[in-house]
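One structure is given below, encoded as structure tokens.
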Amino acid sequence: MDYTIAYYSEAVQEEILELPDTLAARYVVLTRRMVAIGPNLGEPHTKAFGDGLFELRLKGAEGIARVFFCILIGKRIVMLHSFIKKSDRTPKRELDVAQTRLKEIKHANT
């Protein structure tokens, strides 16, 4: 059984689809792979942040982007938050948004 991809909100889906072309193309390639074989693609494609939060790592000609996601029962991958990365470290504000949304998703699915 394949995995399915869902989005925290329509706004999150639109943000991801509006990424620069090479980053959006990379997103499509990696999410197709996630649907087929599962969300753990390993580094450099995915990375665990702990407590069920993961990031999808996108790199392209226009720069670097990250998409935070979680995995729910029933092979559902939920995309929580995306941003264009401008520094070596993940900004605390971006991580806080993803962690808050993760808590909401987990609470709604218990």
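Applying the selection to region 23-48, what residues are open to solvent by 50 Å² or more (accessible area, probe 1.4 Å) and closer than 15 Å to F83 by Cα? Explain how you work it out, then say what you get.
So in region 23-48, the residues open to solvent by 50 Å² or more (accessible area, probe 1.4 Å) come out as 25-26, 28-29, 32-33, 36-37, 40, 43-44, 47-48.
Passing the criteria: only R26.
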Which numbered condition F83 misses (of (1) touching a Phe, Trp or Tyr at 6+ places or on another chain (Cβ under 9 Å); (2) more than 19 Å from N40 (Cβ to Cβ); (3) open to solvent by 30 Å² or more (accessible area, probe 1.4 Å)): (3)
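Out of curiosity, is E55 charged (D, E, K, R) and touching a Lys or Arg at 6+ places or on another chain (Cβ under 6 Å)? Show your work before the answer.
Working: charged (D, E, K, R): yes; touching a Lys or Arg at 6+ places or on another chain (Cβ under 6 Å): yes.
Taking the combined requirement at face value, the residue satisfies it.
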Residue within region 88-107 that is open to solvent by less than 30 Å² (accessible area, probe 1.4 Å), among the β-branched types (V, I, T) and not in a strand (DSSP E or B) present: yes
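Here's the yes/no breakdown for (1) more than 26 Å from N109 (Cβ to Cβ); (2) in contact with a strand residue (DSSP E or B) (Cβ under 6 Å, 6 or more places away or on another chain); (3) touching a residue at least 24 places away in the same chain (Cβ under 8 Å):
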residue	(1), (2), (3)
R26	yes, yes, yes
V35	no, no, yes
L41	no, no, no
G50	no, no, no
G60	yes, no, yes
E94	no, yes, yes
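The values are calculated or read from the model by the stated rules, or taken from the named source; none is laboratory data. Because the structure is a prediction, the values reported are computed rather than measured. Heads up, the Cβs are rebuilt from the backbone with ideal geometry, glycines too, and the neighbour counts pull from every protein chain shown. Remember, those area values only see protein heavy atoms, side chains included, never the ligands or the DNA or RNA. Shrake-Rupley method; radii C 1.70, N 1.55, O 1.52, S 1.80 Å.
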